[in-house]
Amino acid sequence: MKYLLLIFFLFSSLNLAFAKESTDTIETIEVNGEQTASINNSLVFDRKSLLALGQDLTSVLQKMAGVQIRQVSGVGNPISVSIRGSTTKQVQIYLDGQLLNDSQFGSFDLNTLSLDQVESLEISKNGSLGSGLTPIGGVIKINTLNPNKDHNRLATSIGSFGYHSLSTSMVKKFKSHSLLAGFELLNVDNDYESLLREYNNPNNFSEQKLKNNQYQKTNFYLSDNFNLSDHAIKLNLDVKHQQKHFANYQNNHPDNSSMLKTRSWRIGAEDDWLLQSSWVNSMQMSLYIENKYEDYFDRPEGIEEFRGEYRTKTLAANLSPSFQWGQISYVPALNALIEKYQSTSYKNSETFYCDQSSSVKSNCDISAKQEKIVLTNRINYHSANWSSFFQHSSQFESNSNIETNALSPEKIDRDKTYHTTEFGVAYQAEQSNYVLNLHSASRPPTLFELFGDRGAFKGNKNLQDERSDSISFEYDYQTQAFAFDFAFYHKNLTNSIVAIYYSSGAGHYENVSDAKLQGVESGISYKLNDAIDISARTELLNSNTSSDKVTSSNDRYLPGIYHYNFNYQITYKASDQLNLTWSQQLRDKLYYNKPNKFDDGHDNSLNNQTDIALRYQYQDYKLTTTVFNLFNNHYQDLANRPTQGRRLQLTLTIENL
């Protein structure tokens, strides 16, 4: 894989001889601001729909059946996504074609993305969206703004628990270029009350405001879109800075100042080349470079006990031509990635040698690297009523890891290849769609799961990839005022990767358990009249795990997901300027890795939240008042901690300044 980039550009040169402008479109059906693309049964949301659905990506995603948001309470804490019972590592998240799940830990925090940057959002609950390994948990594909006219936008918000935000963007259209510049600033204290241990009297608990739980984020982005002959080119730059403070739920000490600072920059270039050939439609190429710097400070009582520096460098390149023969298209794809991760630790402001004994708790600093090539072959068929596809993907990995602060450093290498396959067929009638999908999916182990920190947590280089064989059937029907959809799916999950800890505090990862998962989704929307829209969605899951290795993982429900989900929304349009939205979400049957009970035996998984939003718009001015958790219900979050209660947010948006 030493010549990874050379292979990429040699592959792209194969089609230099082709040059007739054409486009390839996918038929879409709009359903209450939501679009369903019949070719791969994905949901597509344009910018107008996204801004109407919520104020951030989290609020948009959590309104979709089959999608669950994983978040520890409080703005700025890590946000991740589960689709149809998956773990967050089993969901692939793409930004402008680049896979955002990092190689070291396998997930991505949605906090880093702003809705103001998003042009469109595409979600597949079943499989991939054209390239890459077929994921167990689906795909979220985010496309950033691609403006084509002058436009300015300013939005500012204030809210409960010290919430303040400001975002602005400006688009300037020139003869052949379209320039976009944007800025976002967010600050929140997160000082809601919770039942906490008193730091000066550890035996007593009382209602206290959380200390050291604030979050700050700044984001600057810049892009240039232009055409050069048959090439549509997009260049972008994204610079982010975040600072998340960590509350101590065991000791709410006033001097606690533990925090994580994250700085990152990302440069990208995309080229959509429209080729002048009767059988070659286009060639899509992209290149991305990203550097991320993370600094963690452990200061539980104001004195620094530990500091860690974590650096991640990523280089990614993608290539995908499109060939067309009548009703059949062939779309191969080549995705290449190099990612390097480096950690450096300090105790009392000094570096140290790690203790490699498994009987003590000690971290080793590591240098890890992954080189990866993914080859995808996809064949599509499309006629007036029928469409189908077949896709096979192969991922070739070369991984390495070495301790950088060990007395006797040891380098570990592992090369591995993974394969996935998916097939889908759809039939479209006048007002109905029927879709059947079959998938054999994979989630390769992360670098941390393979190698750990080489100290107290060892990793396991012999891990197998998590696998899923699934089948799903989906149906939707719609008229101008009414829409209904239904889905059933079954998954056989194998080789679940779980962290195993010992009484000494040391641990490692193992392929522990298998599981069977069944799910039913259903949704309905109805336009009662010109003033009232009603929609409701439900999701029911049933899961059962089995394990020959760990008895505690046998005959259990899958942890970390709500097995019962129901939400409805009523929108009343009082006038052209004023509308009111009432929404309620009821979720239940959340299982942790330990019994989901309080000491008094009451079930703490029930999550019943009602939100209400009032929107007033006059010309280019829009004022939105939102009350989240209107009835101040309290429940436990995914970390089994009490959530924040009722909160208010007021947002003013001005278009075309």
Could you tell me whether residue 176 is open to solvent by 40 Å² or more (accessible area, probe 1.4 Å), more than 26 Å from residue 647 (Cβ to Cβ) and hydroxyl-bearing (Ser, Thr, Tyr)? yes
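Consider the stretch 81-90. How many of its residues are within 8 Å of the chain's Cα centre (by Cα) and either open to solvent by 10 Å² or more (accessible area, probe 1.4 Å) or of a type in the set (Phe, Trp, Tyr) (or both)?
Looking only at that region, the number is 1.
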Between a first residue in the stretch 492-512 that is open to solvent by 40 Å² or more (accessible area, probe 1.4 Å) and a second residue that is at pLDDT 75 or above and part of a loop (DSSP other than H, G, I, E, B), which pairs have beta carbons less than 7 Å apart while being 6 or more apart in sequence or on different chains? 510/460; 510/549
Filter result (among the charged types (D, E, K, R) and farther than 23 Å from residue 70 by Cα) within the stretch 518-571: 527, 530, 533, 548, 549, 555
For residue 643, which of the numbered conditions (1) open to solvent by 70 Å² or more (accessible area, probe 1.4 Å); (2) modelled with pLDDT under 90 fails to hold? (1)
Just the residues that are open to solvent by less than 20 Å² (accessible area, probe 1.4 Å), of a type outside the set (Val, Ile, Thr) and touching a Gly at 6+ places or on another chain (Cβ under 9 Å), please, taken from the stretch 91-109. 95, 96, 98
Answer yes if at least one residue in the stretch 516-523 is aliphatic (A, V, I, L, M), part of a strand (DSSP E or B), surrounded by 15 or more Cβ atoms within 10 Å (Cβ to Cβ) and touching a Lys or Arg at 6+ places or on another chain (Cβ under 8 Å), and no otherwise. yes
In the stretch 24-40, is there at least one residue being more than 30 Å from residue 526 (Cβ to Cβ) and either in a loop (DSSP other than H, G, I, E, B) or modelled with pLDDT of 80 or more (or both)? yes
Please go through the stretch 219-250 and pick out each residue that is farther than 24 Å from residue 152 by Cα and surrounded by 15 or more Cβ atoms within 10 Å (Cβ to Cβ). 230, 242, 243, 244, 245, 246, 247, 248, 249
Positions within the stretch 529-567 being open to solvent by 60 Å² or more (accessible area, probe 1.4 Å) and within 17 Å of residue 587 (Cα to Cα), in sequence order: 540, 542, 557, 564, 566
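Hey, any hits in the stretch 317-324 for a residue that's of a type in the set (A, V, I, L, M) and either modelled with pLDDT of 95 or more or within 29 Å of the chain's Cα centre (by Cα) (or both)?
Yes, there is a match, as at least one residue in the stretch 317-324 is of a type in the set (A, V, I, L, M) and either modelled with pLDDT of 95 or more or within 29 Å of the chain's Cα centre (by Cα) (or both).
Okay, residues lined up against (1) under 26 Å from residue 292 (Cβ atoms); (2) among the charged types (D, E, K, R):
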{"residue": "109", "(1), (2)": "yes, yes"}
{"residue": "113", "(1), (2)": "yes, no"}
{"residue": "122", "(1), (2)": "yes, yes"}
{"residue": "134", "(1), (2)": "no, no"}
{"residue": "155", "(1), (2)": "no, no"}
Show the residue pairs meeting these rules: Cβ distance below 7 Å; 6+ apart or different chains; first residue within the stretch 93-121 and in a loop (DSSP other than H, G, I, E, B); second residue among the acidic types (Asp, Glu) and open to solvent by less than 20 Å² (accessible area, probe 1.4 Å). 102/339; 103/339
Return yes or no: is residue 417 more than 27 Å from residue 490 (Cβ to Cβ), part of a strand (DSSP E or B) and modelled with pLDDT of 95 or more? yes
How about the stretch 104-141: which of its residues are over 28 Å from residue 543 (Cβ atoms), touching an Asp or Glu at 6+ places or on another chain (Cβ under 7 Å) and among the hydroxyl-bearing types (Ser, Thr, Tyr)? 114, 120
Let me spell it out: the conditions are (1) modelled with pLDDT under 90; (2) small (Gly, Ala, Ser); (3) farther than 30 Å from residue 145 by Cβ, and residue 176 meets all of them except one. Which number is the exception? (3)
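Considering only residues that are of a type in the set (Asp, Glu) and not in a loop (DSSP other than H, G, I, E, B), look in the stretch 525-544 and name the one that is farthest from the chain's Cα centre (by Cα).
So, considering only residues that are of a type in the set (Asp, Glu) and not in a loop (DSSP other than H, G, I, E, B), the one farthest from the chain's Cα centre (by Cα) is 533.
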Could you tell me which residue of the stretch 461-489 is most open to solvent (accessible area, probe 1.4 Å), considering only residues that are farther than 20 Å from residue 88 by Cα, of a type outside the set (Phe, Trp, Tyr) and touching a Leu at 6+ places or on another chain (Cβ under 7 Å)? 461
Mind listing just one residue for me: the one in the stretch 251-262 that is in contact with an Asp or Glu (Cβ under 8 Å, 6 or more places away or on another chain), at pLDDT 90 or above and not polar (S, T, N, Q) and, of those, least open to solvent (accessible area, probe 1.4 Å)? 260
Residue check: is residue 422 among the charged types (D, E, K, R) and out of contact with any Ser or Thr (no Cβ under 6 Å at 6 or more places or on another chain)? no
Counted residues, the stretch 122-135 - those being open to solvent by 10 Å² or more (accessible area, probe 1.4 Å) and assigned to a loop (DSSP other than H, G, I, E, B): 5
Conditions (1) more than 27 Å from residue 521 (Cβ to Cβ); (2) buried (at least 20 other Cβ atoms within 10 Å of the Cβ); number of the one not met by residue 166: (2)
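The values are calculated or read from the model by the stated rules, or taken from the named source; none is laboratory data. Since we're looking at a predicted model, the values are computed, not measured. Cβ sites come from the backbone with ideal geometry, for glycine too, and all protein chains shown count toward neighbours. Just so you know, the surface numbers come from the protein's heavy atoms only, side chains and all, with ligands and any DNA or RNA stripped out. Shrake-Rupley method; radii C 1.70, N 1.55, O 1.52, S 1.80 Å.
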